[in-house]
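K.L.:
Got a structure for you, written out below as structure tokens; questions coming shortly.
The values are calculated or read from the model by the stated rules, or taken from the named source; none is laboratory data. Note that the structure is a prediction, hence the values are computed from the model and not measured. Positions of Cβ are backbone-derived with ideal geometry, glycine not excepted, and every protein chain shown enters the neighbour counts.
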């Protein structure tokens, strides 16, 4: 046990920070890609039972949504005038989110250039 820990410690100490970050990113992607693919395929089937089971409801039957039901669940009603928290009043949050996304994308590009 001690020699295995020493080997792992020595190996990590000899790696550059970019290699460690690349390994961690690879491990995260190795977990995230299959999970997101399975979630996409389940959501594409438009089966409401998986969502209800995840919320704690014990429903074993499949509940396929019809076109009318999908339209009803995804309908977005209009906002009242001068309501607080509407998208019209959240422009600063949207701008900050876009700027943050651009900075994260730029940082990922710089990390990618450093690794490869």
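K.L.:
Identify all residues within the stretch 63-89 that are over 26 Å from the mean Cα position of the chain (by Cα) and in a loop (DSSP other than H, G, I, E, B); write none if there are none.
P.N.:
66, 77, 78, 79, 80, 81, 82, 83, 84
K.L.:
While we're looking at this one, here's another question. Against the definition (under 27 Å from residue 116 (Cα atoms), assigned by TED's automatic domain parsing to the domain that holds residue 111 and either at pLDDT 80 or above or surrounded by 10 or more Cβ atoms within 10 Å (Cβ to Cβ) (or both)), how does residue 28 come out, yes or no?
P.N.:
no
K.L.:
Let me ask something else about it. Looking at the stretch 48-61, which of its residues are in contact (Cβ under 8 Å) with a residue 12 or more places away in the chain and either exposed (fewer than 10 other Cβ atoms within 10 Å of the Cβ) or over 17 Å from residue 38 (Cα atoms) (or both)?
P.N.:
Correct list: 61 only.
K.L.:
What residue, among those in the stretch 89-116 that are surrounded by 10 or more Cβ atoms within 10 Å (Cβ to Cβ) and farther than 30 Å from residue 22 by Cβ, is modelled with the lowest pLDDT?
P.N.:
Top of the filtered list is 89.
K.L.:
Now a separate question. Would you check if residue 83 is modelled with pLDDT under 80 and either farther than 30 Å from residue 47 by Cβ or surrounded by 10 or more Cβ atoms within 10 Å (Cβ to Cβ) (or both)? Spell out how you get there, then give the answer.
P.N.:
Details: modelled with pLDDT under 80: yes; either farther than 30 Å from residue 47 by Cβ or surrounded by 10 or more Cβ atoms within 10 Å (Cβ to Cβ) (or both): yes.
In short, yes.
K.L.:
While we're on this one: Does the stretch 17-56 hold any residues that are assigned to a helix (DSSP H, G or I) and more than 20 Å from the chain's Cα centre (by Cα), and which are they?
P.N.:
Hits for the stretch 17-56 are 17, 18, 19, 20, 48, 49, 52, 53.
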